[in-house]
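Q: After the structure tokens below, expect a handful of questions from me.
The values are calculated or read from the model by the stated rules, or taken from the named source; none is laboratory data. Since the structure is predicted, the reported quantities are computational estimates derived from the model, not experimental observations. Note: areas computed on protein heavy atoms with side chains; ligands, DNA, RNA excluded. Shrake-Rupley method; radii C 1.70, N 1.55, O 1.52, S 1.80 Å.
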Amino acid sequence: MDDKLIFRLKEFYTLETFQVAFYESQVSSSTNEYYKKAFKKMVEIESGHADFFAQVLTKADIEVPTIIGSAFELAGGFLGDMVSLTGSDNTCKLGIALENKAMEAYRTFIDESKDKHYSELRNTLMDYLLDEEFHTLWLRDYMENHPQ
């Protein structure tokens, strides 16, 4: 596994873990049942993404970045809590920004993994890109149809 691929895998693990922390804070701070359900679903999906990247790194005998329980996770939760205090619109806007960052990174990684050797990884990356796109659509729709 080359250094660029290792860097990308670690980058995705970190980004996905941050999204999980941010979305978990929305689950714990909201009283809106539908909103909580949506964010629980996003946590579930993003956790699966993070777990996938951790497994790929582990399988390649590469150390998984240590961010669980760290200041990084606290930052995601703290940021989520602070944004949620300003309302769901700001939470959705930050969620969209995170999703846009993830989509941009997925598109780049998909483009970089055109080699037939990475076809399985590329297929998974496309699945995860679709998840990120669906999350963005939900966040936008929620902002438009549930104004504060």
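Q: In whole Hz, what ³J(HN,Hα) sequence does segment 17-24 give by Karplus (6.51, -1.76, 1.60; θ = phi - 60°), x for Gly and Pro?
A: 5, 5, 4, 4, 4, 5, 5, 4
Q: Per residue, how much accessible surface does segment 3-146 expose to a 1.4 Å probe? Answer in Å², no decimals.
A: Accessible area per residue, segment 3-146: 55 Å².
Q: Can you list the aspartates and glutamates whose alpha carbon sits under 19 Å from that of K4, skipping same-chain ones fewer than 8 residues off?
A: Here the aspartates and glutamates satisfying the reach criterion relative to K4 are E16, D61, E63, E104, D111, E112, D115, E120.
Q: At a 1.4 Å probe radius, carbon and sulfur cover how many percent of the accessible area of segment 1-55?
A: So the carbon and sulfur contribution to the accessible surface is 53 percent.
Q: Taking the full set of protein chains and a 1.4 angstrom probe, give the accessible area of M126 in square angstrom, rounded to the nearest 10.
A: Surface open to solvent at M126 totals about 80 Å².
Q: Let me ask something else. Using a cut-off of 20 Å between alpha-carbon atoms, which lysines can reach K93, once sequence neighbours fewer than 8 places away in the same chain are excluded?
A: Within the straight-line cut-off, K93 pairs with K36, K37, K40, K41, K101.
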